[in-house]
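Each value in this text was obtained by applying a stated rule to the coordinates, not by laboratory testing. Everything numeric here is computed off the predicted structure, so don't read it as measured data. Cβ atoms come from the backbone with ideal geometry, glycine included; neighbour counts cover every protein chain shown.
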Amino acid sequence: MGELSNDAPAPVEAPLASDTAVIMLGNSKVVDRDFIVGGSPWRLLKLAGGSVEVVRRWQSGGHVRAGEQRLARTLTQQGVIRPVFHGPLEVEDIDVVIPVRDDIATLRTLLAQLRGFHVTVVDDASLDPLLLSEITSHFDVNLVRLDVNHGPGGARNAGARVTSRPLLCFIDADVELHDARATLQRLSAQFQDPLIGACVPRIMGARAATLRDRFEERFSPLDLGEREGLVKPGADINFVPSACLMVRRAAFGDGFEESLRRGEDVDLVWRLHDCGWLVHYNPALIVEHRARTNWRSWFAQRIGYGESAAALAARHPTRLAPVRFDVWSLAAWCSLVAGRPMIALRIASVVRRQIKSRVSESDEPDVIANEVLRRAMLSGGGAFARSLVRNYGPLLLMLALIKRLRRPALIIFALGTAWRFRHQRPRPLDVPLAVLDDAAYCVGVTKGAIHHRSLRALTPSVSPSSLRLRDFLVRPDRLAP
């Protein structure tokens, strides 16, 4: 299991049709007559001829005209724009597959919300199969019984094998769809693009009264935020959970890797990408996922997420580095943390000068250089600190016990923890829960590394830089403004 068998159509063979509605995604913008920034992964793109004027027309929504189809496809592939499709819900095109093991109460609620759909429940070796059989009979849905527990990936594959419709919608039993028809309609509409392999809504924690549930509602690890985009390795959105996932059957192939008890959704999305399919995250669609019912299971869930990193690193060794950085960006941030701001300013000045030299033909080289520098140094620094805390938090606190390292270690820990709350102000008790969440993930990563006897999931990745040491040895008065 786990080998996708069908490649996506070549982009050149699937341009967006004329009159297709498109819109520019939120992290992209025009910065000059020839340049735009944004996409997945974020980058600076130079467009030929009058292409930027076409993109300006699409910024707030427009239509692809004759002669613009190839440009629209290219920018869709880059994650700069996305096509907007509408259409009626075709229930006959969708098979809903629900893997479940003993989660009877939540299953009842979900099945009630999915009345009218073609639903297959996969009983992954529940302790009370007769009760599950009674529930599925009551709701008149198909039931597949597995005598041996296969895990979520194996259960989903079993459901896919006994169904045949062109779209597969995998939904976990502890998910709530408040408007199932609207959600599945808008997800399925995106498959009018022949290159879309999978679509995912935003998954938020369910509303509830306990401290744990309130934290989950605002800061669930399954919640990827409110910014829409393509899901790719190395992008801002580099994975999506499979708690609610719609997949094109032609792209699904052999499906989930059954040897992965966790992280099978990350693996599937990355393999879809490798086969040329696009995976789209749509935060305008929201479903709710219930938190664990007690602290012990909540903590175990977080450890499990961390443990999955080692197995994923074995399958995708170049993609799962816990921390990624450019050597000079790292040097700049380390200089700031160490209280040497002039070194960081020198590095930033040289980087800005190089960017300007590469876009010298632009009308606004300063604007472009500032935009790229802001993204690379400021946003990149916050994400870098977040990765350090997420993967090495306990180590940072241990380093804080050493007097010489106390200040930088605590600054990084504070910045990395605060970065989690950059989009939403935390309540006072959210902060210790966030630290506990990160600590549990760290424990899981370490356990996984020990179990697999591999440090891949703990090894940072240093990307090469076009900057050379001699660039930093130029006298300050000779640096370009």
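Rounded to the nearest 5, the antiparallel percentage of DSSP beta bridges internal to the chain is 45%.
Dividing the mean sequence gap of close Cα pairs (under 8 Å, 6+ apart) by how many residues the chain holds gives a relative contact order of 16 percent.
Mean sequence separation of contacting Cα pairs (under 8 Å, at least six apart), scaled by the length of the stretch 328-379, corresponds to a relative contact order of 31 percent.
Judged by the ratio a/c of the largest to the smallest principal axis of the C-alpha gyration tensor, the stretch 324-473 counts as prolate, that ratio being 1.5 or greater while a/b is larger than b/c.
Show that you can apply the helix-only estimate: for the chain, add -39,500 (n - 2.57) for every DSSP H stretch of four or more residues, divide by all residues, and state [θ] at 222 nm to the nearest 500. The partial results should precede the final answer.
Values: 16 runs with 202 residues, N = 481.
Using -39500 (n - 2.57) per qualifying helix, the result is -13000 deg cm²/dmol.
The ranking of ASP265, ASP430 from fewest to most other beta carbons within 10 Å of each one's beta carbon is ASP430, ASP265.
Screening the chain for whole DSSP H helices of 27 Å or more along their axis (Cα) with average Kyte-Doolittle hydropathy at least 0.5 returns 430-452. Amide H contacts for VAL80 (H built 1.01 Å from N in the peptide plane; partners 5 or more residues away or on another chain; cut-off under 5 Å): SER40.
Using Cβ counts within 10 Å as a stand-in for footprinting exposure, how do GLU307, GLU288, GLU364 rank, fewest first?
Least to most surrounded, the residues fall as GLU364, GLU288, GLU307.
Counting charges near VAL31 (Lys, Arg +1; Asp, Glu -1) among other residues having Cβ under 15 Å from its Cβ returns a value of +2. Seen from VAL175, the other residues with C-beta closer than 11 Å to its C-beta sum to a net charge of -4, counting Lys and Arg as +1 and Asp and Glu as -1. Pairs LYS232/LYS356; LYS29/LYS447; LYS356/LYS403: which are spaced more than 32 Å apart, C-alpha to C-alpha? Where the Cα-Cα span goes over 32 Å, the pairs concerned are LYS29/LYS447; LYS356/LYS403. The order of the peptides 130-142, 104-116, 74-86, 199-211 by mean Cβ neighbours within 10 Å, most packed first, is 74-86, 199-211, 104-116, 130-142. Ranked by how many other Cβ atoms sit within 10 Å of their own Cβ, fewest first, the residues SER51, SER40 fall in the order SER51, SER40.
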